[in-house]
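*Asks:* Okay, handing you the structure first.
The values are calculated or read from the model by the stated rules, or taken from the named source; none is laboratory data. Values in this document were obtained by computation on a predicted structure and should not be read as measured data. Don't worry about glycine lacking a Cβ; one is built from the backbone with ideal geometry, like all the others, and counts go over all protein chains shown. Ligands, DNA and RNA are stripped out before the accessible areas are found, and what is left, the full protein with its side chains, is counted by its heavy atoms. Shrake-Rupley method; radii C 1.70, N 1.55, O 1.52, S 1.80 Å.
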Amino acid sequence: MEFLTIFAFLGSLGGTELLLIGLVILLFFGAKRIPELMKGLGKGIREFKDATKDVRENIEEGLKDTK
């Protein structure tokens, strides 16, 4: 479900546009660097989700303390 919300903007792109974007990325970074970039992107997304989860838990805990 979260995967769909992250990439919801891709729904408006057609196959040709996605292929063109993929080719540009391949030419710009090279085939050897793409796995490294995706690994870094995955780590960044995971850290962001963990941080938002921590903030949400802190807010909920603060609300419970005030009651």
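*Asks:* What residue, of 26, 37, 20, is in contact with a Phe, Trp or Tyr (Cβ under 9 Å, 6 or more places away or on another chain) and in a helix (DSSP H, G or I)? If you could, list the steps in order and put the result at the bottom.
*Replies:* Numbers: 26 fails: in contact with a Phe, Trp or Tyr (Cβ under 9 Å, 6 or more places away or on another chain); 20 fails: in contact with a Phe, Trp or Tyr (Cβ under 9 Å, 6 or more places away or on another chain).
None of the others qualify; the one that does is 37.
*Asks:* Restricting to segment 12-49, count the residues that are among the β-branched types (Val, Ile, Thr) and open to solvent by 90 Å² or more (accessible area, probe 1.4 Å).
*Replies:* Of segment 12-49, the ones among the β-branched types (Val, Ile, Thr) are 16, 21, 24-25, 34, 45.
Among the residues that remain, those that are also open to solvent by 90 Å² or more (accessible area, probe 1.4 Å) are: 16.
Here the count works out to 1.
*Asks:* Pairs needed: first member in segment 36-53, closer than 21 Å to residue 26 by Cβ; second member anywhere, open to solvent by less than 100 Å² (accessible area, probe 1.4 Å) and of a type outside the set (D, E, K, R); C-beta distance under 7 Å; at least 6 residues apart or different chains.
*Replies:* 37/29
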